[in-house]
Structure formats: C-alpha cells, structure tokens
Amino acid sequence: METLFRDETSKLDLQNIDESMLDLYASRVTSKLNEIDEDTIDFAEFCNIINDSNSVSSWKRKKAIFEINDLNGNGKLLPNDLEIALMMIDLAPSNIRYVNIFEVFCSYDVENKASLNFAQFRELIGTPNVMSKSLRNKTAHEIFQIFAIDGRLSFSALVKLWSQYCVDVKYELSLREIEENISSFDKARECLIPWFRSRRRMSLLQSFVLKESQSYMEKLVELREEIVDARKRATSKRDIVKRQKTHLKRVESRKTLIVSSAPNRSDCKFLHERRKKKYLSKRRCAVDNLQIRTAALESKERDTIILDRIHRQKKEENHVVQNAMDRINISSQNIKSLPSAYPQKLHEVKIFDASRNQISTFPPSVFYHLISLRKLVLSRNRLTSLPHEISHLAKLEVLLLDQNELGHIPPLKDLESLLVLDVTSNKITRIPVLNNTLKVILASSNLLQELPINLGDLSNLEYLQVNNNCISYLPESISNLTHLHRLEICSNELRALPSNFAISSLEVLRLSYNRVQVLPESLKQMKKLEVLDFSENNISRLENIQSCVSLVSLECKNCQLDLSQYLPMAEGLELADLSANSIAVLPKEIALWRNLCFLNLQYNLLEEVPQEIGALYNLQTLNVSHNKIRTLPNEFCLMTSLLKLDFSYNLLHELPQNFGALQELTTLNCRSNSLSGLPPTFHRLQEIKEVDLAFNTFQKFDPCLTHLPIRHLNLEGNQISKLPSSVAEMKSIDILNLNHNQIKAIPLELADLKQKLCLESNPISDITMYSKDLNQVFKFMQKERFIYTAVVEEWNVKKEFFMKGKLLFNDFYKGVLWRVENTENVDGEQAEYTLQSEFYQKRLRELFFHCKLHGNPPVYEYLDESTIERRNAEASILEERRSRRAEEAKDLDTQRKADEHDKYLGDFHNRQMNALDKIERKQKLDKKSKLELLEEVQRRLRNKEQHILKQSIQKKDDEKQFKKFASKLFNENPAEQRLLPVEISPCWK
C-alpha cells in the first residue's frame, strides 16, 4: 500500500500497513470465532463460514485472502489468522451514517498492489451503500477505462470516479455534515456558469474523503505495534494451552498404568531401589565406554602419524630407486632427509641433483654408493656441514653447494678430478685445501677474511670469484696463477694490490667497491687484459694502465680521476664509464678510442667538449649530463652513429647548426639547459623517437617538431604561450607533455589529442571559462570544432550586413547550418538534428554576440602580428561606431523626453478642462429635483420593455415565414399536406 497516495498522503509511514488495517475489523467478527471448535480451518470450512455470514465475495477473492493469511503455507488457518481473514471479507462500514470509501478500497485490494483491477472494481460497486445513484447511462467497464491507468485503478482515481458517477454529492455532504462556505464571488460564478456548483461540491467531497483516509491511515500506523503484540500474546497463549493439554494426557496415562498394576507399598520401594541401581550401572558403563573410545582415538591418531611418516620415507626411497640409472633428479621435492640404504644400481649414477629441498644433513653412507658420480648438486638447501666421506668421490668434477648454511668445508685435496667448486652464499670463513686440478672457484657472499697462502699452487685455476666478503689483502702467490683468466674481488676491503701483481693471462679484472688508492706498476705487463673495473675506489690516476692496449671495457665510476695527464692508449676500447669523477677537461688523446660505442661522463666538471671527439664515429651512446658544458663544437656532429644522446642538466644555450647530421639519433635528452630554439637542420632527424626539452627557455613550439616521428615529447617547464594547429599532424605521438608553460589557448584541431596531451598548470583562459577541468575542456573543443569553421566563414561573408545593422541571428544560424551540411563526411539530417540541441543553440548565440561585440569570432590558435593588427583595427572601428551610435541614441533619448514632457503638459491641460466640465455638469444635475430623476428612470425602463417586446414579435414573425417556406418547399401539392402538426407527429415517420 506504499504507493496508494502519491500526491495526497506521501508524508505517511505506510510500511507493512496491511495487517494493521485488517485488524481494525476485529470488533465486528469476534462472535464468529466462538462457533469454531477445531484448532485449524481449511479452505472449504473457510468458505462455509463466509457463506453463513451472508458476506458477498467471489471465489477468487476468497482464495486470495485465504493464501495471504496462510502464513505457515500448509493450507490451514489458525484462529488468529481466521480472525484477520474474516475482517478482510467483512465490508460493513465502520461509520453507521455513511460509507468509508477507503475501508472498502483496502478490503478489495487483496493483492496489496495499491490499485484495483476491473474484477475487483466491479465487485466493489456492487457492495451495499457504496452507490446511491445510477452510472448515468454508462457501463462499469466504460467508466473503468476512463479512470484506469494500464488496467489498474488507484485510490485517488477511485475517489474521483465515486464522487462523479456513483453518489449524490449534495446528499453525501449532508451525511458528513460538511458546510458549504460560499463566497460572493462564487455565487456570481454559479449564476453565470451552471455546472460550477456541482464541480465545487465534488472537489469539496473529494478533499474531505482524502483527509479522512489520511487520518485513518495515521491511526493504522499507531495501532500496528499493539496488534503485533496481541498476535504474539495469542500465539504464546495457544502454545501454553497445548503444553498443558499434553501434560494432562501424560499424567492421566501414568495414572491408568499405576491403577492397572496396583502394587503394594513394599513392592513400590523394591522397584524404586532396583531402578536406582539400574540407572547407576548404566551411568558407570557410559563413563567406561567414553574412556575406552577416547583412548582408541588417541592410539589411532598416533598410528596414523607413524604410518604417514613411514609412507613418506618409502616414497622418497622409491623416487630415488626409480631414478637410479645414470642420473638422479630429486630437486624441488620438499625433502628433509635422504635415506641411508640404496640398491646396487646407484653405483652407475653420474649426476645427483638434490637442489631446492630442505635437506639439513647428508648421510655419509651415500658417498660409498655413488662411486661413479661426476656432478653433485646440493644448491638451495639447509646444509650446515659436509661429511669427510665426500673425499671418496674420486671421479667428481662439479660440486655445487651454493645457498646453504655451511660454516666450513672438509679438505677436498683427494678429489683429483674436481674442476668446479661453488660455495656461494654460505657462512664459510676460509677456503679448504684443494687439488691443483681445480679450474673454477665461486665463493662470493661468505665470511672470508683472507685467501689461502698456497693459492698459487692451483696452477690450473682459470676463474676465481670472491665478491661480497671481508678480504683485506691478496697473497703474493696469486701471481703464480699463470692460467687465470677472470678475477673478481668486488665489495671487499682491499686497500692495495700486491707489488708483483702481474698475471699475464688475466683478461677480466673486477675490483669495484674496495679501498684501493693506487694501481701497481705491474699492471703494465698485462697485455691481454680486456675488462678492467675499479669503480667506487680512491684511484686518481690511470698512468699504470696506459700500456693495456687490449682493453675493451673500462669502468671507473665514482673515483677521483683526473684525465688531464694520462689516458689509456687502447684503440680497441668499446665501453668507457668515467661517471662521478673530477674530470674537468677531456684530453685530445680521446680521439684514439675510435672503436668506442659507449661513453659515460655524467656527474663530472666538464665545461666544454673537445673538437677531437668528432673522431669517435662508432660512438652510439653518449651521456654527459650533470656537467657545466656551455657550447658544443661543430665537429660534434661528425659522430653519425649516435643513437642516444644525453646533455641534461648543463648550461647549453644552443645546439650546433649542423645538428641534423646525426640522422641515426633515436633519443635526445636536453633537460634543464638554457635552450631557446632548435637548429634549422633539426627536421632531418627522421629516426628520432624520444625528445626531452623540459625546463629550458622555449617561448614557442618549434614547427619542425611536427614533421618528425616522435613518440614521447617533453616540453615541460618552458615559456611556451601558444600552440600551432599543426601539432594535430603528429600522428605518431604517444605523450606530449606541456605542463608548467604559459599556454593560454588550445587550437580546436587538438581536440582528438585528449589522451596524449598533458597541460597541467597552464593559464588556459579562452576555453576554461566553461570549466577548469581539462577533460571538460577537451569535450567542449570537440563540440566547438563541429561549428567553428562554419561560423568563421559565415561571419566573414555577412560582416558587411552587420556593419549596416541588417544582420539577425536567424539569418546567421541558417547560413551556419547550410555550411555545416555541405561539409565533407557530415550527414545533413544529422547535422541539423545536432545543431538543434540545447548546447549548440546556446553556443551559436554566444558566438554571434561575441562577433557583434568584438567584430571577429574568437581565436584558439597562434596568430601572426599582421593578423593581430588587422583584428585590432577592426575592433577599434567597431568601437568608434558603437560610441557614435551611443551618442545618437543619447540625443534621441533627450528629444524623446522633451516631447513626452510637452505631451504631458498638453494632457494635463486637457484633464484640467475635463475636470472643470464635470464639476459644472454635477452642479447642474444637483439643481434638478428628485422627481425629475425618477421620471427619467421610468421612461428609460419603458423604452427597454418596448424594445424587448418588438424583438419577440419580430422573432415569431420570422418563424411563421420560415414554416410557410418549408411547407412550400417539401409539399408542392397542398391537398397532400398532413393535417397533424409537426410537434406531435410520430418520430418513426
């Protein structure tokens, strides 16, 4: 019923009102409940009760009311539910004097839809006392169709229908004792308009019924809680009665049993003791059974755990046995321990991989079975120690023990075939005694403080890696490693290298992140050295590596180098990382590094770049950021192989004029310089993809950038004030960053670059008068672009009409519509429909009045000086014209005021003369006697009566002439004329 009054009673709380509404009839049907003896009532008995109560209702309505009250859904009603159902059936009005139409409506709205269908409406009007008159020659179906909406009749529509067709309004108002307070104005309207009285009474009755229903619903809301409590009490009372009945039945059954047996008192005492003993024995047995079950469950759980452990061990043994051929792979199996017994097939295994498990101890018996093993992988476990029996693996070549928890390793001197030893990421403090056959030792990320003194005995060693340890010095015997090719001692505590550190076979030497201050002179003898890395040290000069002519890679990051005197003479050098040093001048000898591909000089003290750098024609990457470079030589552009160039955070004012010679360049970074423009040859860089020119002094967007295949262009933090419309031609652009500039206008052609443009922190004002949100700005631009060109062309054509004062908005709108429809790729009908929208109508008026005010349409793009001067001249002419018109209007206004003043004076004189005439006539009229006045009035009344009499006589004469004419027209033979007059002739003739 929540939608019952959408207009009249919308302020009421109508939730769950159906039960409260129906319980309002409780006082009328309590007598019917006394006739029922059963606890429940089915549908047939329900229909009989309704028929006996002489209530008129259809079978469908009975069924609906029965289902609504059948809360349990078992097809039967309880007494309190029956009470509610009888209330719904009862249609007797609660007020004796008149029918409450709201009660009747609620009684028939059994579907709780706040409306009635036609069947319910037809049954409603058949209810006694609802109708007091006929339906004015209309059927119920016709009236229902007039007031129903979608086949349903609401309460407000029912009130209108009832007051208009079903009742005598005057009689209903008298029953309800409603007084009709009629004003004099309403009385006059009733005299003029015959139906006004019935309409007023009808509205008065409708408003009273709606107010009455509103108060009725307020009472229902108040009664809701009381009715719910009453239902709860009735239900609890019924349950108590049932429990009492069942208790009485049990007591009576026990009494009958006792009476039938009828034992004596001694027997009763004996039975009582016997029952007590039986109860105690049962309880004792239950406790014993519970203890037995608990013990059984505990033993079963214990046996399950043991069996699971045995099953897991067997599974591991079976997995090992299944792989026991020439290779065993049990990696990543989450194994915690290895079995101690193995079959004879393990003697043939050559590779044993148990990595990525949780093995903490390795059983010694395993090594007796793996006599042919060549590779043992125990990486990523939890091993804390190795058994000495590992020395029995005489054929072992590769031993991988990295990423464990080993504290020490047993001597491995007996492993005569061992070639590779990896103990990376452990807790080893010293390297054990090894065999001289070893070629690779990997011992990084341990706790080593020194290398063994007899390290030089490993004559076959080729690769030694001891990074991330605590080694402070190298033994002198390291120079005896004549076959060593690669030595890595990074991230240690080395302060100096041995004086005889001359390993002629060494090719790679990495000493980064140490404390070495001077390189020994013995490095001059390393003619085969190709990779040298001593970054993050305190080395200031490179004089001892000048003779290392085979160098390919040189890394000297974050040292205190000064290249003003010494530079390695390595013509084959390909990579040079000299960043974060104290280099102030690049020596001319840098031209000897002709094969150089990568050069990093960032974070230095460079103020200029030498001309000889142009000889590095193979250079591909150059990074000289974070220096103090002011200019670049013209020879710089001879490095035609450059791909990446970084000049960020310098003091550059301009780029070389022949910068376009770097045609292979793909990435250019000139961030945070003082550049104000690009060279004219910049448009030749047809391979460039990324350009960063942020935080420079650019004042305009260089047009040459629009013709390059740039994907990422950064112009943030410049002084660009205007964007050319040619920016829209950059089809390959992905990101165009123009944040923190001085852009005030955006060309409409850039509306499609919404997802690619970044325009934050710009004083954009021409468009953002509509919104400060850039997303809204771009939406506006897309809409504006649809009409802007047509508006400009139409204004240029009709500007002369405006100057003559003959241009109207309708003419302007028709011209714009015609130009939009004739635009390519635009549908004419769609264009007309679009321009009729509210936005475009409003925007066209704004543009029209902007043109009239300023003489030209608004501009969203960059304008040259001549165009700006022309627009200013037109604006000044328009302003002069406007001021001249204002003066003319002022003169006309002055003349108009003077004329109005003269006219007022003339009108005042006329009014004065008329007033004098009225006074004279009044004086003359006062002199006449009252008798003369009465005679004059009577004379006028007689004249009026005579005039009315003459009109009635003339009307009758006209009717007689018309009848004679009609009789002659339809009855040519006077003998055949009918004798009966027309008024009493039968209608069927």
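The values are calculated or read from the model by the stated rules, or taken from the named source; none is laboratory data. Since this is a predicted model, take the numbers as computed values, not measurements. Glycine gets a Cβ as well: all are built from the backbone with ideal geometry, and neighbour counts include every protein chain shown. In case anyone asks, the SASA skips ligands and DNA or RNA and just uses the protein heavy atoms, side chains included. Shrake-Rupley method; radii C 1.70, N 1.55, O 1.52, S 1.80 Å.
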Item checked: Listed pairs Lys427/Lys528; Lys644/Lys744; Lys731/Lys783; Lys628/Lys731 exceeding 25 Å between Cα atoms -> Lys427/Lys528; Lys644/Lys744; Lys628/Lys731
Notebook entry, point to check: So what J values fall out for segment 611-627 if you push phi through Karplus, 6.51 cos²θ - 1.76 cosθ + 1.60 with θ = phi - 60°, rounded to Hz, Gly and Pro as x?
Noted result: 5, 5, 5, x, 6, 7, 6, 9, 5, 10, 10, 10, 10, 10, 5, 6, 10
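Ignoring ligands, DNA and RNA, what percent of the 1.4 Å accessible area of segment 479-518 is carbon and sulfur?
With neighbouring chains kept in place, the figure for segment 479-518 is 44 percent.
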Note to self: Let me check the size of segment 512-561 from its C-alpha atoms; what are the radius of gyration and Dmax in Å?
What the structure shows: 10.3, 26
Note to self: Tell me the net charge near Phe647. Cut-off is 15 Å between Cβ atoms, Phe647 excluded, with +1 for each Lys or Arg and -1 for each Asp or Glu.
What the structure shows: -2
Item checked: From phi via Karplus (6.51, -1.76, 1.60), per-residue ³J(HN,Hα) for segment 571-582 in Hz, x at Gly/Pro -> 6, x, 5, 10, 9, 9, 10, 10, 6, 6, 10, 10
Checklist line | Table column - 3J(HN,Hα) (Hz), segment 733-746, Karplus curve with 6.51, -1.76, 1.60, x for Gly and Pro | finding: 5, 10, 9, 10, 9, 10, 5, 6, 10, 10, 6, 10, 9, 10
Margin query: Let me cross-check Asp402: its accessible surface, 1.4 Å probe, with only protein heavy atoms counted, in Å² to the nearest 10?
Written below: 30
Next item on the list: With only Lys, Arg, Asp and Glu charged, each at its Cβ (+1 for the first two, -1 for the last two), find how big the charge dipole of segment 682-728 is about the Cα centre; round to the nearest 20 debye.
Entry: 160
Next item on the list: Mind giving me the nanometre distance, one decimal, between the label points for Ser582 and Ala886, set 7 Å out from Cα along Cα→Cβ?
Entry: 7.4
Notebook entry, point to check: What is the distance, in nm, between label points placed 7 Å from the Cα along the Cα-to-Cβ direction at Lys955 and at Glu932?
Noted result: 3.8
Item checked: For segment 377-487: rounded, prolate or oblate by the Cα gyration tensor [a/c cutoff 1.5] -> oblate
Next item on the list: Provide the packing ranking of 710-717, 208-215, i.e. peptides ordered by the mean count of other C-beta atoms within 10 Å per residue, highest first.
Entry: 710-717, 208-215
Check: Between Asn741 and residues 5 or more places away or on another chain, which pairs have amide H atoms under 5 Å apart, with H built 1.01 Å from N, and which residues are they?
Finding: Gly717
